1. Note down all Cβ pairs under 6 Å where the first residue falls in the range 1-28 and is over 21 Å from P80 (Cα atoms), the second is at pLDDT below 95, and they're at least six residues apart or on different chains.
2. So which residues in the range 48-79 are within 18 Å of E6 (Cα to Cα) and not in a helix (DSSP H, G or I)?
3. For F108, state whether it is under 28 Å from E72 (Cβ atoms), loosely packed, with under 10 Cβ neighbours inside 10 Å and without any contact (Cβ under 8 Å) to a residue 60 or more places away in the chain.
4. Which residues, counting only those in the range 61-103, are touching a residue at least 40 places away in the same chain (Cβ under 8 Å) and hydrophobic (A, V, I, L, M, F, W, C)?
5. Somewhere in the range 128-150, is a residue at pLDDT 90 or above, assigned to a loop (DSSP other than H, G, I, E, B) and either of a type in the set (F, W, Y) or not assigned by TED's automatic domain parsing to the domain that holds Y20 (or both)?
6. Kindly list the number of the only condition in (1) over 20 Å from the mean Cα position of the chain (by Cα); (2) assigned to a helix (DSSP H, G or I); (3) modelled with pLDDT under 95 that fails for E26.
7. Among the residues of the range 101-127, what is the count of those that are touching a Pro at 6+ places or on another chain (Cβ under 9 Å) and part of a strand (DSSP E or B)?
8. Working only within the range 30-44, note down all residues that are modelled with pLDDT of 95 or more, surrounded by 14 or more Cβ atoms within 10 Å (Cβ to Cβ) and not aliphatic (A, V, I, L, M).
Amino acid sequence: MKKPKELMISENLSFLRKQYHYTLEEVADKLSVTRQTAAQWETGEALPDVVTIVSLADFYDVTVNDLIRFDEKKAGSKIPPKGKHMFGIVKIQERGQVVIPKDARTIFKINKGDSFVLLGDESPESFGLALIPVELFLGFSDELLKKLRNGMGEKEQS
């Protein structure tokens, strides 16, 4: 079976199986198919049906679209887990400004004038910065405060 060039499913299935250290037998067992069928998907000799593609995407925690079309060479990165994104490299401007790429602004619905809380982590295993929308951060803070107050009230009554 000849597949269209833009379909990358065979390469992605092979990569993901190896990334997760699964054998063909383990993948076949999880999807209730034979080892030969799973091997044919990876070599491009056969393609899984639509229901199986959805199961494979769930199994590997990737989107169906990424499983089918993600091209590692074009993207310059490995296939990302579902909901995780890499938007490229940004540079800090002279006065500390960062330009957030358009794709990121679109996906996360970021508009001019939106406010964010900038969080930082200095620990070596998770070193980095994060932007959290103010409304989300304040909502989380309010919930945490309520839980702390309720917990403290219960302890005081004991």
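1. K3/G44
2. P48, D49, V62, T63, F70, D71, G76, S77, K78, I79
3. Considered against the rule, which asks whether it is under 28 Å from E72 (Cβ atoms), loosely packed, with under 10 Cβ neighbours inside 10 Å and without any contact (Cβ under 8 Å) to a residue 60 or more places away in the chain, F108 comes out as no.
4. Listed by number, the residues that qualify are V62, L67, I68, F70, I79.
5. no
6. (3)
7. Selection size over the range 101-127: 2.
8. Across the range 30-44, the qualifying residues are R35, T37, Q40, W41, E42.
The values are calculated or read from the model by the stated rules, or taken from the named source; none is laboratory data. Bear in mind that the values here come from a model prediction, so they are computed numbers and not experimental data. Counting neighbours? That spans all protein chains shown, and the Cβs are built from the backbone with ideal geometry, glycine included.
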